[in-house]
Amino acid sequence: MIEAHQLTKRYGEKTAVDRLDFVVRPGAVTGFLGPNGAGKSTTMRMIVGLDAPSGGSVTVNGRAYARHTAPLREVGALLEAKSIHPGRSAFDHLMAQAHTHGIPRRRVEEVIGLTGLQSVAGKRAGAFSLGMGQRLGIAAALLGDPATVMLDEPVNGLDPEGVLWIRNLLTGLAADGRTVFVSSHLMSEMALVADHLIVVGRGRLLADTTVRELVERAGGDTVTVSSDETARLREVLAGPGVEVTGAAGSEELHVSGLSSQEIGLRAAEHGIPLYELRSRTVSLEQAFMDLTRDAVEYHATTDVETPGRAA
């Protein structure tokens, strides 16, 4: 379990992380989301003691990371895949880490097999592709068989097979009862793998919720229905968990909380003619963009002038 209480990090006058409170619980994949510059990497660095908080605290399994006598057995972290000696082989890199914690050679061989590094285990890690470097970083994170696993952008550089492997790995670790904390900019992957979400922007907590709750807050699944008897239709569709909106006098209603099929069946039971049923599903990406719109520090411009051409 990871627990942050009023966690703060300042660099001079710049506040990178601003009084964060959150808990990452075992048995679930928790996605850590936010725009570039939101404070995600800084937060992760503070969790494993690479940066000291300016205020507040963060613990892993009840203790500050530095107070664990065998930290690799408590939390496995991938923060920068290329943080390896380029002249050292993948096997030797893992063995060097294993020696610091009395981890046996057979465990090194296990994680090499688990991460698909068998064919390159004897090769110099400095020549690895980005994807193979990610696999080596994940192998190092899993080396101590830790109760908590924290990965920063683990799918970077991976091919489709590798992305699927990561997805299955994360869900499998959570199913084992481990705490899994993973950051990613790929909303499609987070929608598939995350049970819970922590969203930050400009260093502040924006949401601590589930994927479903975040999507529903942004509009969720909405059905647009047209009829010339919208007043009766409103009455027929009303019920717990159902929201019906639409301008007075309009022949169009927007309904959340019921599927197109359910709306059609209710209308038919009451003899209400329908002219249109159209479903709209809000994606996690759309919900994320809506939530973080005012917290994005780096905006690209679409008004680009081509060099050498008059504006």
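Within the range 163-214, the residues that satisfy the criterion of being in contact with a strand residue (DSSP E or B) (Cβ under 7 Å, 6 or more places away or on another chain), in a loop (DSSP other than H, G, I, E, B) and closer than 18 Å to Ala287 by Cβ are Ser184, Ala194, Asp195, Thr210. The residue that is modelled with the highest pLDDT, counting only those in the range 51-90 that are crowded, with 20+ Cβ neighbours inside 10 Å and farther than 25 Å from Thr8 by Cα, is Ala90. Note on the range 256-273: residues that are at pLDDT 90 or above, crowded, with 16+ Cβ neighbours inside 10 Å and either part of a loop (DSSP other than H, G, I, E, B) or touching an Asp or Glu at 6+ places or on another chain (Cβ under 7 Å) (or both) amount to 1.
Criterion applied to Val58, Val75, Val108, Val29 was being assigned by TED's automatic domain parsing to the domain that holds Ile198, among the β-branched types (Val, Ile, Thr), in contact with a helix residue (DSSP H, G or I) (Cβ under 9 Å, 6 or more places away or on another chain) and farther than 21 Å from Ala174 by Cβ, and the one residue passing it is Val108. Thr292 meets all of the listed conditions (1) crowded, with 17+ Cβ neighbours inside 10 Å; (2) out of contact with any helix residue (DSSP H, G or I) (no Cβ under 8 Å at 6 or more places or on another chain); (3) not in a helix (DSSP H, G or I) but one, namely (3).
Going residue by residue through the range 116-127, is there one that turns out to be under 22 Å from the mean Cα position of the chain (by Cα) and of a type in the set (Gly, Ala, Ser)? No, the range 116-127 has no match at all.
Got a sec? Which of Val23, Val29 is surrounded by fewer than 22 Cβ atoms within 10 Å (Cβ to Cβ), part of a strand (DSSP E or B), aliphatic (A, V, I, L, M) and within 17 Å of the chain's Cα centre (by Cα)?
Of the residues listed, the single one that is surrounded by fewer than 22 Cβ atoms within 10 Å (Cβ to Cβ), part of a strand (DSSP E or B), aliphatic (A, V, I, L, M) and within 17 Å of the chain's Cα centre (by Cα) is Val23.
Among the residues of the range 111-134, write down those that are part of a helix (DSSP H, G or I), under 21 Å from Ala175 (Cβ atoms) and touching a residue at least 12 places away in the same chain (Cβ under 8 Å). Before you say what the answer is, go through the steps one by one.
The first filter runs over the range 111-134 and keeps only residues part of a helix (DSSP H, G or I), leaving 111-114, 118-120, 125-127, 130-134.
Restricting the remaining residues to those that are under 21 Å from Ala175 (Cβ atoms) gives 111, 113-114.
Of everything in the range 111-134, those that are part of a helix (DSSP H, G or I), under 21 Å from Ala175 (Cβ atoms) and touching a residue at least 12 places away in the same chain (Cβ under 8 Å) turn out to be Val111, Leu114.
Based on what the data block shows, is Lys82 assigned by TED's automatic domain parsing to the domain that holds Ser183, in contact with a helix residue (DSSP H, G or I) (Cβ under 6 Å, 6 or more places away or on another chain) and more than 23 Å from Ala175 (Cβ to Cβ)? Before the answer, list the steps.
Numbers: assigned by TED's automatic domain parsing to the domain that holds Ser183: yes; in contact with a helix residue (DSSP H, G or I) (Cβ under 6 Å, 6 or more places away or on another chain): yes; more than 23 Å from Ala175 (Cβ to Cβ): yes.
In short, yes.
Would you please list the contacts, defined by Cβ atoms under 9 Å and residues six or more apart or on different chains, that run from a residue in the range 162-180 that is assigned by TED's automatic domain parsing to the domain that holds Leu33 to a residue that is among the basic types (Lys, Arg) and in a helix (DSSP H, G or I)? Pairs found: Gly162/Arg135; Trp165/Arg135.
The values are calculated or read from the model by the stated rules, or taken from the named source; none is laboratory data. Because the structure is predicted, anything quoted here is derived from the model rather than measured. All Cβ positions, glycine included, derive from the backbone under ideal geometry; neighbour counts span all protein chains shown.
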